[in-house]
Amino acid sequence: MSVHFMPVSVLESSLFKDMFGTAAMRAVFDDAATLRRYVETEVALARVQAELGIIPRQAALDIARRADPAALDMDALRAETEIVGYPILPLVHQLARQCGPAGEYLHWGATTQDIMDTATVLQVRDALALVDGQLAGLDRTLDQLAGRYRDAPMAGRTHLQHALPITFGYKAAVWLLMVRRHRERLAQLRPRVLVGQFGGAAGTLASLGDQGLAVQAALMRELGLGSAPVTWHVARDGLAETVQFLALVAGTLGKIALDIMLMMTNELAEAFEPFVKGRGASSTMPQKRNPISCELMWSASKTVRQHAGLALDAMLQDFERATGPWHVEWTAVPEAFVLTAGALHQAQFMLGGLEVDTGRMARNLELSGGLIVAEAVMMGLAPHIGRQSAHDVVYDACRAAATTGRRLPQVLQQDPRVAQRLDAQAIERLCDPANYLGAAPQMVDRMRAWQAGAAA
């Protein structure tokens, strides 16, 4: 019998990895991709240095031709990395052997962190592109939900209690607002974050003499990255901002998940995750239909929030090269991206096939017997007897309705303080939740038309 050992993390587990992440995002940060980015950076450095006359042109050509990340000895690389503490020196040793005499010109004037940081930024660029695409898809889905249910009344709830009527389209439009602002944030952070690293041992480029800045600029052009005016070895705000952005996205997904989980309860039964046979089933209770996607989104929001804290901790770096905080990013950045991508995937599946029961929403509006529109009655009565007096009259009527089980319109019609000013038809009209939606439908229209927060 063969035994398969599960990795420690759910992000790599053969059982769980596609629940908590996506294959596309894992492929950005896995070992093979990381090594390719290291080698890409080393090759690009050799190429631009040859163009500037710092190393022989033939050496750069040989390095570009012979440096092969696929041919690396992973066992040897891992063993030497454990000794050195970082993978770049072991990598350069192997690449130098691959490249023969040209290998003597590898890594010229660079330091380990230059290569690793630049590779990370290249990965972040790819990862942000994936997140951008997922946000765009979620934007379309929420826009469609908001439009479809623009006028579908439901109970708006505050403190988990009936407050005032809203529409389900309005609720979806609130979710859409957050997604579009996230797309705006993504577009704005790219120029700050997608900046490569090349500064040499202490960031001063001293080993390259008066050509250091020229090499730095050329390398960033070669890689399609921005260039900072000063080395950012210990200025980690760019990567920290990236993880905070991911935490904001995951937080929004967690909020959406919480709303849908509550709406899926038997007591509310207003919206449901898409039905897939067996999904959300219980091992012992056949009736169960658990909110699986929502649970995964909620979990991701909690975990990415923890990584956001780690990324902030990683900003506290000593002097010109840190003694340990840098290592925190090695966990926080890739895991935050994988978890966020997984949550976005779950959100797209869940919202794209969301089952909405507008009939149940309407019945839930009637649960309080008209109490949910008590404010409407108060405002309708206020012009006749004054706002505070109207408040007190309607308050008394609400208490009477709640304690006797009668509908609010019935109580109001029997109260002479109301009946003398409003006829039965007017009272019924004021007590109809569909007549007290305020500007909710118009806000849906405005949100759907609002593109200022969306990336171009």
> Would you pick out the residues in region 356-413 that are of a type in the set (Lys, Arg), under 45 Å from the mean Cα position of the chain (by Cα) and either more than 30 Å from residue 150 (Cβ to Cβ) or in a helix (DSSP H, G or I) (or both)?
Replying inline: 360, 363, 387, 399
>> Going by what's in this entry, would residue 293 be described as touching a Phe, Trp or Tyr at 6+ places or on another chain (Cβ under 9 Å) and polar (S, T, N, Q)?
In response: yes
> Counting just the residues of region 226-277 that are over 20 Å from residue 21 (Cβ atoms) and of a type in the set (Asp, Glu), which one comes out nearest to the chain's Cα centre (by Cα)?
Replying inline: 241
> Which residue pairs have Cβ atoms under 9 Å apart, sit 6 or more places apart or on different chains, and have a first residue in region 108-125 that is more than 21 Å from residue 243 (Cα to Cα) and a second that is of a type in the set (Val, Ile, Thr) and assigned to a loop (DSSP other than H, G, I, E, B)?
Replying inline: 108/54; 108/55; 109/54
>> I'd like to verify a number: residues in region 355-398 that are at pLDDT 85 or above and under 30 Å from residue 289 (Cβ atoms), how many?
In response: 13
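Return the only residue of 130, 177, 160, 145 being surrounded by fewer than 19 Cβ atoms within 10 Å (Cβ to Cβ), within 25 Å of residue 267 (Cβ to Cβ) and either hydrophobic (A, V, I, L, M, F, W, C) or under 25 Å from the mean Cα position of the chain (by Cα) (or both).
Result: 160 is the single residue among 130, 177, 160, 145 that is surrounded by fewer than 19 Cβ atoms within 10 Å (Cβ to Cβ), within 25 Å of residue 267 (Cβ to Cβ) and either hydrophobic (A, V, I, L, M, F, W, C) or under 25 Å from the mean Cα position of the chain (by Cα) (or both).
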>> Show me the helices (runs of 4 or more DSSP H) entirely contained within region 17-104 in which 1 or more residues are buried (at least 21 other Cβ atoms within 10 Å of the Cβ).
In response: 17-20, 23-29, 31-51, 57-66, 88-99
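Residues checked against (1) crowded, with 20+ Cβ neighbours inside 10 Å; (2) out of contact with any His (no Cβ under 6 Å at 6 or more places or on another chain); (3) in a loop (DSSP other than H, G, I, E, B):
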| position | (1), (2), (3) |
| --- | --- |
| 214 | no, yes, no |
| 230 | no, yes, yes |
| 241 | no, yes, no |
| 249 | yes, no, no |
| 255 | no, yes, no |
| 258 | no, yes, no |
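The values are calculated or read from the model by the stated rules, or taken from the named source; none is laboratory data. Worth saying up front: this structure is predicted, and the values here are computed from it rather than measured. Heads up, the Cβs are rebuilt from the backbone with ideal geometry, glycines too, and the neighbour counts pull from every protein chain shown.
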